[in-house]
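The values are calculated or read from the model by the stated rules, or taken from the named source; none is laboratory data. For clarity, every value in this text was computed on a predicted model and none was experimentally measured. With ideal geometry, Cβ positions are generated from the backbone for all residues, glycine too; neighbour counts draw on all protein chains shown. The area values use the complete protein model at the heavy-atom level, side chains included, leaving out ligands, DNA and RNA. Shrake-Rupley method; radii C 1.70, N 1.55, O 1.52, S 1.80 Å.
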Amino acid sequence: MPQLKNNKQLTIIWLCLLTGTLDGILSFLLSYPTSAALSYRYIASGLFGTTAFSANYMVFWGVLFHYLIASIFSIIFFLLYPHFKRVINNKYILAFIFGLIIWIISTFAILPLSNVPEIKGVPKYPSQLNLIAAFISFTGLSICLGLPISLIANKYYRKNTDKKSQDFKLSI
């Protein structure tokens, strides 16, 4: 029976919960003094449009979508980590690369394709971005998603690669 710390599924679940929570905290900090409920309704408006702001249950959908998006990015980069590691052998640089990729996908694909309404001060389209907002978003995503993904994936794959090498050496 495999040990819990080497279990890929549990590692991925833990990673998804961690990155979703850290990204949620980041979104609250960046949207201060807006309430958490309004922040999650804004996320829900990506699918439901302006009706997300009129129903209390939309907070649930916002939380769900928030964790779902963070989880998808976390799973993809966790699984692709060994391939990235072959090209760039530095987990901290990879964290910023993951953050940059996540920011680009979020800014140029997810947000423009969503139904979020135009809100003063909240850029929806890349042409509305300013350099400071882009830098803050990129840095936040690198710290809250890229860094945990990179560190946890590095630890997981290092342990499992070392274990497989030892098993191979013992069997020879």
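Quick look at the values:
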quantity	calculated
Conditions (1) charged (D, E, K, R); (2) closer than 10 Å to SER150 by Cα; (3) free of Cβ contacts under 8 Å to residues at least 40 places away in the same chain: number failed by ARG86	(2)
SER39 small (Gly, Ala, Ser), open to solvent by less than 60 Å² (accessible area, probe 1.4 Å) and in contact with a Pro (Cβ under 8 Å, 6 or more places away or on another chain)	no
When residues of region 56-81 are limited to those that are open to solvent by 40 Å² or more (accessible area, probe 1.4 Å), under 19 Å from the mean Cα position of the chain (by Cα) and not aliphatic (A, V, I, L, M), the one nearest to THR161 (Cα to Cα)	TYR67
Tabulated pairs, region 44-55, first open to solvent by less than 20 Å² (accessible area, probe 1.4 Å), second of a type in the set (D, E, K, R), C-beta under 9 angstrom, 6+ apart or interchain	ALA52/ARG41; ALA55/ARG41
